[in-house]
Amino acid sequence: MTGPAAVPLATARAHAKVNLHLGVGPAREDGYHELSTVFQSVSVSDVVTLHADDAPAPGGPGVVTGLRLSSGANPEVPLDAGNLAWRAVEAVVSEYRREHGPRELPGVLLDLHKSIPVAGGMAGGSADAAAALVAADAWLAEEYGVAPRGVDKLLGLGAGLGADVPFTLKGGSALGTDRGDRLTTMMSRGPFHWAMITNARGLSTGAVFAKLDEMRAADPAKETLQPHLDTGAVSHAMISGDPYQLGPALHNDLQPATLTLRPDLRKIHDAGMNAGAINGIISGSGPTWAFLCEDEAAAQEVVDQVSADIAPASGMVVRSPDAGAHLLY
Ligand code: C5P
């Protein structure tokens, strides 16, 4: 697909996220749910590079000629226009052509170097889209001889790609409302230290939201299934910088649905708590568990013990908050 002549155009990095609070309101008519969620970006990240491809751009308006994973094959990552990073590049190209006029562009080959677990509830696909938006913006600004739009003017395009893309663009700490894509920056002391316990088998975000709707419909009065939209406790705890205050404030409304779809995940929670975590919650829709720990050494201990105790689990130590999507070169 790529020859030695492929010339790098731009490279950008974007980070994964953890939801410290994920409150899920009722389903809306557009199929999405109203959220009240608190995000922090974490230190694990993916890197996306755009190369000028020898192959000409395909007929039609698209420029992307292909996508490859330089970090190793993964059958769960689409290598075609189903990949959000691919669609992100095309979205930025359309925007530049609309604003600055049509222009002959080379074919673009996308290279994804993934470290964020795939389909894990850490917004890996969204982070790839965010990095692709930033890289495409830098490349096209140079092609057109104009100033790049910058992250704030890419948020609208990001929201069109997926609900988590705006946060992976912005990074840091934020309250997400609406679909989770309307962001308000939050204050946080840190860093906080996490053991992220990943799982070989991913989960579909849409399936987890649908399971929560089904469980709420079957038992409307059940306390543990009610929407928790108040983020006051977690906001206070973030400002304190104290993981022992933050631990009890962590909350995820999707967790009962994730654990109903994947009861095998319960034993990972028990193993993490036995290994000394302060608290553990499912990250986003899962299946990754996010265990908040006292410090980096304690987080490493949780990763080591849980991966030794439970065969298909593996893990990584991360810090939060971290940066938004940014250009590397
Ligand atoms: O926007 P994204 O493609 O990441 O969302 C994946 C799926 O998760 C959606 O199709 C929807 O089923 C569910 N979702 C939701 N409410 C949100 C965000 C996502 O129901 N606020």
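Within straight-line reach of residue 153, meaning a Cα separation under 12 Å, sit the following aspartates and glutamates at least 8 residues removed in sequence or on another chain: 95, 137.
Peptides 275-286, 101-112 ranked from most to least packed give 275-286, 101-112, packing being the mean of other C-beta atoms within 10 angstrom over each peptide's residues.
Only bridges with both residues in the stretch 7-185 count here: give the DSSP antiparallel percent, nearest 5.
85 percent
Between residue 189 and residue 274, the simple label model (points 7 Å from Cα in the Cβ direction) yields a spacing of 3.4 nm.
If you line up the long axis of helix 296-309 against the longest principal axis of the chain, both from Cα atoms, how many degrees apart are they, to the nearest 10? Taking the Cα atoms of the chain, the angle to 296-309 is about 80 degrees. From helices alone, the chain scores -10000 deg cm²/dmol at 222 nm; the rule is -39500 (n - 2.57) for each run of n ≥ 4 DSSP H residues, then divide by the residue total.
Per residue, how big is the convex hull around the C-alpha atoms of the chain? Give it to me in cubic angstrom, could you?
Details: hull volume 44.4 nm³, N = 329.
Convex hull volume per residue, Cα atoms: 135 Å³.
Where only protein heavy atoms count, and the probe is 1.4 Å, what is the accessible area per residue for the stretch 114-209 in Å²? Spell out each step's value before the answer.
Numbers: 3390 Å² over 96 residues.
Value returned for the stretch 114-209: 35 Å² of accessible area per residue.
Among 117-127, 133-143, 207-217, what's the highest-first ranking by average C-beta atoms within 10 angstrom per residue?
Numbers: 117-127: 26.5, 133-143: 24.8, 207-217: 16.5.
Most protected by this proxy first, the peptides run 117-127, 133-143, 207-217.
Once you order the gyration tensor axes a ≥ b ≥ c over the Cα atoms, which shape class does the stretch 192-320 get: rounded for a/c under 1.5, otherwise prolate or oblate by comparing a/b with b/c? Cα axes put the stretch 192-320 in the oblate bin. Around the Cα centre of the chain, unit charges on the Cβ atoms of Lys, Arg, Asp and Glu (plus for the first two, minus for the last two) sum to a dipole of about 160 debye.
For residue 181, what charge total do you get from the other residues with a beta carbon under 11 Å from its beta carbon, if Lys and Arg give +1 and Asp and Glu give -1?
On the way: positive: 170, 179, 182; negative: 164, 178.
After counting each charged neighbour, the total is +1.
Think of the chain as a dipole: +1 on every Lys or Arg Cβ, -1 on every Asp or Glu Cβ, centred on the Cα centre; then among 119, 290, 32, 32 lies furthest on the positive end.
Quick check on packing: order 81-88, 164-171 by the mean number of other C-beta atoms within 10 Å, highest mean leading.
164-171, 81-88
Tell me, what % of the accessible area of the chain is carbon and sulfur with a 1.4 angstrom probe? List each step's numbers first, then the result.
Values: 7330 of 13590 Å².
Within the chain, the accessible surface is 54 percent carbon and sulfur.
Look at the alpha carbon pairs under 8 Å that are at least 6 residues apart: their mean separation over the length of the chain gives a relative contact order of 26 percent.
The values are calculated or read from the model by the stated rules, or taken from the named source; none is laboratory data. Everything numeric here is computed off the predicted structure, so don't read it as measured data. For neighbour counting, all protein chains shown are included, and Cβ atoms are generated from backbone atoms with ideal geometry for every residue, glycine included. When the accessible area is computed, the model is the full protein with side chains, heavy atoms only, and any ligands, DNA or RNA have been set aside. Shrake-Rupley method; radii C 1.70, N 1.55, O 1.52, S 1.80 Å.
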